[in-house]
1. Quick check: is even one residue across the range 72-81 within 12 Å of the ligand (Cβ to nearest atom) and of a type in the set (S, T, Y)?
2. Looking only at the range 153-173, how many residues end up being exposed (fewer than 14 other Cβ atoms within 10 Å of the Cβ) and in a helix (DSSP H, G or I)?
3. Name the pairs: first residue in the range 152-170 and acidic (D, E), second residue open to solvent by less than 10 Å² (accessible area, probe 1.4 Å), Cβ to Cβ under 6 Å, at least 6 apart or on different chains?
4. So, of the residues in the range 135-152 that are within 17 Å of the chain's Cα centre (by Cα) and surrounded by 23 or more Cβ atoms within 10 Å (Cβ to Cβ), which turns out to be farthest from G107 (Cα to Cα)?
5. Among the residues of the range 1-53 satisfying the criterion of being among the small types (G, A, S) and under 30 Å from P244 (Cα atoms), which is surrounded by the most Cβ atoms within 10 Å (Cβ to Cβ)?
6. Considering G56, G89, G132, which residue is open to solvent by 10 Å² or more (accessible area, probe 1.4 Å), within 7 Å of the ligand (Cβ to nearest atom) and on the phi > 0 side of the Ramachandran plot?
7. Checking the condition among the β-branched types (V, I, T), open to solvent by less than 10 Å² (accessible area, probe 1.4 Å) and over 18 Å from the mean Cα position of the chain (by Cα), which residue from I237, I255, I249 passes?
Amino acid sequence: MEKLTLLGTDFYFDAAFSYIENWVTKDKTVLIVDDVVYQQNETLFEGYQFILVKSGEENKIQQTADVVIDKLLALNVDKSFCLVAVGGGTITDLTGYVASVYKRGIGLGLVPTSILGMVDAAIGGKNGINVGLYKNMVGTTYRPKFILFDYQFLTKLPRLQWVNGFAEIIKHACIQDEEMFTQLQQVNIDYFLNNNEALQTLVKRNVLLKMKIVEEDEFENADRFLLNFGHTFGHAIENLKELPHGFAISVGMHIASLISQQITQLPVEQTQSIVNLLQQYDLPTALAFDFNKALQILQKDKKREASQINFVLLNKIGEGTFKKIELSSLQTIEETVNQWK
Ligand SMILES: NC(=O)c1ccc[n+]([C@@H]2O[C@H](COP(=O)([O-])OP(=O)(O)OC[C@H]3O[C@@H](n4cnc5c(N)ncnc54)[C@H](O)[C@@H]3O)[C@@H](O)[C@H]2O)c1
């Protein structure tokens with residue numbers, strides 16, 4: 001096991017879930033567990049008090065937080081307790097939020113069990129719940145005491161969720177890590193499914209990359225915004241079509257690359273390399289959606305200022321940049337997008 005302390009959080013890479021006994025006591029801990037993860041790993045949680053929660057965006061809402069809070073009160077949980085989330089990003093987000101508001105804040109530990117949770121959602125201290133159609137509209141920034149990575153959980157993660165998580169890994173490579181981009185080009189998902197050591201190295205690299213961006217952001221640098229690469233159109237597409245977050249972001253990254261060709265002169269061949277890499281990891285890069293409706297959603301987007309929109313573009317692979325662009329300049333890719341089936 002390897003321990004790193006970053007921004008006040010202890011990261012335990014390649015740890016077994018049972019190690020948490022070294023940092024928390026069973027009688028002062030409540031696990032908030034994804035019900036699917038619980039069923040698949042029941043014996044791991046013996047002796048702990050736990051609350052089961054259903055994963056998914058539809059459950060990442062205030063009503064679920066209220067149910068968890070009621071159960072914590074019934075269990076007489078006080079400020080000396082620690083809440084430990086065990087699940088994907090929806091569970092770590094919800095638990096982080098509850099831990100930050102319950103009795104004005106109690107101890108928090110995170111055990112992300114999805115690829116997306118490990119490389120993104122559990123990292124950086126932000127949490128949130130959805131309000132109606134608005135994702136992550138309510139939330140806090142609250143640092144966990146520890147984050148534990150037990151890769152054994154991933155052996156039961158459905159392949160679709162592996163693919164979903166790799167969209168964020170490829171995003172990280174595009175905005176900040178050309179070397180990782182090249183490494184990813186040489187292999188595929190099956191390689192990481194079957195090679196635990198390579199997976200560990202990849203997860204850790206992504207955690208460090210995100211933590212570096214988060215750290216720089218603390219000094220009022222706009223770097224954190226780079227993490228939105230692919231997300232502007234991605235969120236609009238997610239609104240229009242039911243599909244996993246990573247799939248929408250993948251199409252969004254293709255669109256952001258096409259726009260980069262015009263505004264930051266990203267070479268056409270590099271857009272093609274990004275598209276090829278996304279496809280190599282089973283992600284969609286072109287799907288039919290109503291472009292004008294997506295633009296309307298962007299116009300309502302909270303990032304919009306007048307006729308301009310904040311957008312993450314690429315100068316080149318491995319170098320993201322943040323620009324205010326005219327909404328009208330997005331029309332230039334309409335013809336290309338309208339050909340997508
Ligand atoms: N706070 C942040 O900074 C941040 C960043 C990125 C994403 N997020 C949030 O993360 C969420 C998405 O995360 P996610 O994709 O992990 O969602 P999720 O929690 O819904 O998990 C996805 C699916 O995988 C299942 N699952 C998780 N771990 C499993 C395992 N080990 N074995 C079998 N099944 C397992 C879940 O039951 C669920 O069906 C979104 O709500 C998003 O807003 C937050």
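The values are calculated or read from the model by the stated rules, or taken from the named source; none is laboratory data. Just so it is clear, the structure is predicted and the values come from calculations on it, not from any experiment. Reconstructed Cβ throughout: ideal geometry from the backbone, glycine too, with neighbour counts over all protein chains shown. For accessibility, only protein heavy atoms count, side chains too; no ligands or nucleic acids. Shrake-Rupley method; radii C 1.70, N 1.55, O 1.52, S 1.80 Å.
1. No: zero hits.
2. 4
3. Final answer for the pair search is E168/V119.
4. Among those that are within 17 Å of the chain's Cα centre (by Cα) and surrounded by 23 or more Cβ atoms within 10 Å (Cβ to Cβ), it is F149.
5. A15
6. G56
7. I255
Residues are listed down the side, and each one gets a yes or a no for (1) of a type in the set (A, V, I, L, M, F, W, C); (2) at pLDDT 85 or above; (3) within 26 Å of V163 (Cα to Cα); (4) assigned to a strand (DSSP E or B):
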position: Q262; (1), (2), (3), (4): no, yes, no, no
position: L266; (1), (2), (3), (4): yes, yes, yes, no
position: L278; (1), (2), (3), (4): yes, yes, yes, no
position: F289; (1), (2), (3), (4): yes, yes, yes, no
position: K293; (1), (2), (3), (4): no, yes, no, no
position: F322; (1), (2), (3), (4): yes, yes, no, yes
position: K341; (1), (2), (3), (4): no, no, yes, no
